[in-house]
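Peer 1: Structure provided below as structure tokens; questions to follow.
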Amino acid sequence: MSNIIEELKERGLVKQVIFEEELKELFDKQKVSFYVGFDPTADSLHVGHFTTLLMASRLQKAGHKPYILVGGGTGLIGDPSGRTDMRPMMTKEQVANNVESIKKQCEKFVSFEGENGAVLVNNADWLATLNYIDFIREVGGNLSVNKMLSYDAFKTRFERGLSFLEFNYMPMQAYDFYHLYKTYNVQLEVGGDDQWANMIEGAELIRRKLKKSAFALTFPLLTKPDGSKMGKTAGGAIWLDPQKTTPIQMYQFFRNVDDCLVEKELRMFTYLPLEEIKELTQFKDERINKAKEILAYEIVKIVHGKNVADETIEQIKASFAGDTQNMIEEELNASEIKTILDLVVKFGEAKSNGEARRLIDGRAIKINDRIIDNYFDEIPEKVDGEFVFHKGKKLHLKIKIKA
């Protein structure tokens, strides 16, 4: 059987590894306990967390044991990694509510049954009762401030200022790894490459304090062709909660990815065999659209289940066929939309009024069978209670008006 690290590399899921050869040997010898972590900054995970969840799933399927850490403690501090400003501070009640929501979402990706069943832990259980003097005495002498300040996570914050509150985040995450190692023999931390500095400190703390081997493995962040983080639209983040982002919206997001990302995302975000992915993505013309449809379907199936994915496809087919009884539906408060520009920005995937105007100028927008040619059209069809919104040949929605 091939080593799991090599399998992950083939899918483009390995960016950096601490002591890679030693970790490979460990994987070959035994089942390894590992952990992934999520700070409860919202009441739902989003597409940016998708790779982390799938990494936990892939390692579990290979026989290893996942620990899912929800940061009920670190979430009260806020991770400065990748930030140019300080995160808004949440109340303890907000954090507790978010922790419960995230727990439920994790259950869709990993199994909590069997010998290598996942274990869900909350770092508030040990951080909230930790005496600060004891904490500093235990870990302070093993963490270098000079080294911590050299990491990008902190360097990018120097101009605007880094609070002492946030400065404590890295030692606390390092302590998480240390605690999990001592308590559960967790030897590996897995996370996005923006967490590399935090993960290094945790592994080194274990090696210094316990004289034991500890490892970290990062995967590349989900990015657009311009290098910016992927996972957001003009309407906001793509959430895993269907009440925040519908399965159809998720499908459309991945159906419309750039051609250059299709093979990469099929490798990273689906369980399809690599040979099948190679076959699907061999063409760089309009035939790549079939691969995009499969990518979108597979992701919706993983997140929401096969039945929901199948229903999503049927609704999309109905929309293209003009079947208003079964096409995609969206609800709208009458007060939300004053002109057609508002509607195009909200449902037409236009990022601005300027982009909406260009769509109207190109005669790409229709309400029912009426082509829109006026930026300030007030959509008289609203009085009928519902209408069909069309953007070109790809987007067809039944809009229902709420009083």
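Peer 1: Working carefully through the options PHE269, PHE215, PHE219, PHE254, find the one that is more than 18 Å from LEU45 (Cβ to Cβ), modelled with pLDDT of 90 or more and buried (at least 16 other Cβ atoms within 10 Å of the Cβ).
Peer 2: One residue alone meets the criteria, PHE215.
Peer 1: The conditions are (1) modelled with pLDDT under 95; (2) surrounded by 15 or more Cβ atoms within 10 Å (Cβ to Cβ); (3) aromatic (Phe, Trp, Tyr), and PHE112 fails exactly one of them. Which is it?
Peer 2: Unmet for PHE112, out of (1) modelled with pLDDT under 95; (2) surrounded by 15 or more Cβ atoms within 10 Å (Cβ to Cβ); (3) aromatic (Phe, Trp, Tyr): (2).
Peer 1: Evaluate the stretch 280-290: report whether one residue or more is touching a residue at least 40 places away in the same chain (Cβ under 8 Å), among the hydrophobic types (A, V, I, L, M, F, W, C) and farther than 23 Å from ASN326 by Cα.
Peer 2: no
Peer 1: If you scan the stretch 248-273, which residues turn out to be of a type in the set (Phe, Trp, Tyr) and in a helix (DSSP H, G or I)?
Peer 2: TYR251, PHE253, PHE254, PHE269
Peer 1: Return the only residue of GLY202, GLY192 being assigned by TED's automatic domain parsing to the domain that holds VAL17 and touching a Pro at 6+ places or on another chain (Cβ under 9 Å).
Peer 2: Only one candidate qualifies: GLY192.
Peer 1: So GLY75 fits all but one of (1) surrounded by 19 or more Cβ atoms within 10 Å (Cβ to Cβ); (2) small (Gly, Ala, Ser); (3) farther than 29 Å from THR129 by Cα; what number is the exception?
Peer 2: Among (1) surrounded by 19 or more Cβ atoms within 10 Å (Cβ to Cβ); (2) small (Gly, Ala, Ser); (3) farther than 29 Å from THR129 by Cα, GLY75 violates only (3).
Peer 1: Assuming ASP361 fulfils every condition listed in (1) within 19 Å of TYR251 (Cα to Cα); (2) surrounded by fewer than 19 Cβ atoms within 10 Å (Cβ to Cβ) apart from one, which condition is it?
Peer 2: The single condition ASP361 does not satisfy is (1).
Peer 1: Now, a different point. Please state which of the following conditions MET172 fails to meet, knowing it meets all the rest: (1) of a type outside the set (Asp, Glu); (2) touching a Gly at 6+ places or on another chain (Cβ under 8 Å); (3) surrounded by 23 or more Cβ atoms within 10 Å (Cβ to Cβ).
Peer 2: That leaves (3) as the condition not met.
Peer 1: Mind checking which strands (runs of 3 or more DSSP E) fall wholly inside the stretch 346-403 and carry at least 3 residues that are outside the structural domain of PHE253 (by TED's automatic domain parsing), under 21 Å from ASN256 (Cβ atoms) and among the hydrophobic types (A, V, I, L, M, F, W, C)?
Peer 2: In the stretch 346-403, the matching strands (runs of 3 or more DSSP E) lie at 395-402.
Peer 1: Same structure, new question: Go through (1) in contact with a Gly (Cβ under 9 Å, 6 or more places away or on another chain); (2) closer than 22 Å to LEU120 by Cα; (3) without any contact (Cβ under 8 Å) to a residue 40 or more places away in the chain for GLN249 and report which single condition fails.
Peer 2: Among (1) in contact with a Gly (Cβ under 9 Å, 6 or more places away or on another chain); (2) closer than 22 Å to LEU120 by Cα; (3) without any contact (Cβ under 8 Å) to a residue 40 or more places away in the chain, GLN249 violates only (2).
Peer 1: Confirm whether VAL300 is in contact with a helix residue (DSSP H, G or I) (Cβ under 6 Å, 6 or more places away or on another chain), on the phi < 0 side of the Ramachandran plot and not assigned by TED's automatic domain parsing to the domain that holds ARG58.
Peer 2: For VAL300, the condition - in contact with a helix residue (DSSP H, G or I) (Cβ under 6 Å, 6 or more places away or on another chain), on the phi < 0 side of the Ramachandran plot and not assigned by TED's automatic domain parsing to the domain that holds ARG58 - is met.
Peer 1: In the stretch 15-47, which residue that is aliphatic (A, V, I, L, M) and either surrounded by fewer than 20 Cβ atoms within 10 Å (Cβ to Cβ) or not in a loop (DSSP other than H, G, I, E, B) (or both) is nearest to the chain's Cα centre (by Cα)?
Peer 2: Only one residue fits best here, namely VAL47.
Residues checked against (1) assigned by TED's automatic domain parsing to the domain that holds GLU293; (2) without any contact (Cβ under 8 Å) to a residue 40 or more places away in the chain:
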| residue | (1), (2) |
| --- | --- |
| LEU240 | no, no |
| PHE253 | yes, no |
| ASP258 | yes, yes |
| VAL262 | yes, yes |
| ARG267 | yes, no |
| LEU272 | yes, yes |
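The values are calculated or read from the model by the stated rules, or taken from the named source; none is laboratory data. All of these numbers come straight from a predicted model, not from anything done at the bench. In this analysis, Cβ positions are derived from the backbone assuming ideal geometry, glycine residues included, and neighbour counts consider all displayed protein chains.
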